[in-house]
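Beneath this line is the structure, given in structure tokens, with notes to follow.
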Amino acid sequence: MTDISLTHITPMAVMSIAISVAAAFLIHWALYWIALRVAKHSKIEPVLLPAIFQPTRWLVVLLSLGAGLKSIEMGDRIEDIWSIGARMIFALLVGWLVFRLMRAGKAMLEDRADISVEDNLKARRQRTKISILYRICQCIVGFFVIAMMLIAIPGVRTIGVSLMASAGLAALAVGAAAQPALKNLIAGIQMAFSEPIRLDDVVIIEGEWGRIEEIRLTYVIVRIWDDRRLVVPVSYFLEKPFQNWTTKTSDLLGTVFFHVDPAADIGRIRTKFVEAVKANSRWDGRVAILQVTEHRPEALELRGLLSARNAGIAFDLRCEVREAVMDFLREDMPEALVRTRQRIEAGDDFARMGLTRLSDAAE
């Protein structure tokens, strides 16, 4: 029968282990304090050291605990349990450290890509790639951590070898069942480099106007103008057409339509339109024109083109210019407002009949 007793562990050994663990805490704290002082006088990012503090501390404790237990004679069963547990915990702590380093790296790169500026196209491209690649790395690191933890268990390795014969059929079954998820996963990796969309892009999708709020590995969250969220599979942006108003630049042309009387003085209206656009602080100074785009018997259609720095500003500019021009038409050119005209014509016999009735009524 395997010896699982702990009779060989003496109070002196326990004291030795406790002292080694305490020393590990102190050494780690001292090294961290020195690293903070060095970081203040160097180019080390301030988010890096806090990110690795907790994982490295417990790694040091685990290593010191393992070194202390080597001097103690334990039963074979206890040694096996400690060996398996230590390797699993080590893999978990290393994975934790890598995750914290990736998160710190992501934060550092995002700080360098400021999307709050007006011309933020380059920053949005960088943030989109960072977000997608970060999630891909999370999946890869998580997979390897779980694999290393399972490999540390001898029984699992043995079972895994015995099941290799049926692994092919299982993989086919899982692949068929997870086809939509795998499709979106591959599409997410492809989108990180093809860039059909980026964070904060203005898009028209499924008839809705919104901004790309978040790009996950398999789906995208679009924030609609009324604060609703539209969740769209990543594959949608590679397979179906949609409008992206900020693909190359955030500058945008907006349109304002007016319907006026066919006899209206178009020159005066055009002058007022250009004045209203130029007087508005939202205009970026590029385009301000008014043209007749359609002629119908009852009205003329005028289309005004104006430009702004981005879609949100363009929308506000369109509304304000439309309001200013309509006030001008109502107050200074009321004759330009659309009127409905009707003309009634009667035949000679009908006219004579009407005149006879009027003369009879007069008598």
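What do you reckon, is residue 284 closer than 28 Å to residue 124 by Cβ and surrounded by fewer than 20 Cβ atoms within 10 Å (Cβ to Cβ)?
Working: closer than 28 Å to residue 124 by Cβ: yes; surrounded by fewer than 20 Cβ atoms within 10 Å (Cβ to Cβ): yes.
Yes; evaluated as a whole, the condition is true for this residue.
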Q: Count, please, the residues in segment 248-281 that happen to be surrounded by 14 or more Cβ atoms within 10 Å (Cβ to Cβ) and small (Gly, Ala, Ser).
A: 4
Q | Neighbours by Cβ (under 6 Å, 6+ apart or cross-chain): first from segment 283-296, charged (D, E, K, R); second surrounded by 11 or more Cβ atoms within 10 Å (Cβ to Cβ) and not in a strand (DSSP E or B) | A | 284/309
**Q.** Set 39, 51, 91, 24: member being under 35 Å from the mean Cα position of the chain (by Cα), among the small types (Gly, Ala, Ser), modelled with pLDDT under 85 and not assigned by TED's automatic domain parsing to the domain that holds residue 310
**A.** 39
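Out of the residues in segment 311-363 meeting the condition of being of a type in the set (Lys, Arg) and over 30 Å from residue 282 (Cα atoms), tell me which one is modelled with the lowest pLDDT.
Among those that are of a type in the set (Lys, Arg) and over 30 Å from residue 282 (Cα atoms), it is 357.
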Q. Taking strands (runs of 3 or more DSSP E) that do not extend beyond segment 232-316, which have at least 3 residues that are closer than 21 Å to residue 330 by Cβ?
A. 252-260, 299-308
Q. Residue 222 versus (1) at pLDDT 90 or above; (2) more than 30 Å from residue 293 (Cα to Cα); (3) not in a strand (DSSP E or B): which is the lone unmet condition?
A. (3)
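The values are calculated or read from the model by the stated rules, or taken from the named source; none is laboratory data. Predicted model, so just to flag it, every value in this text is computed and none were measured. Reconstructed Cβ throughout: ideal geometry from the backbone, glycine too, with neighbour counts over all protein chains shown.
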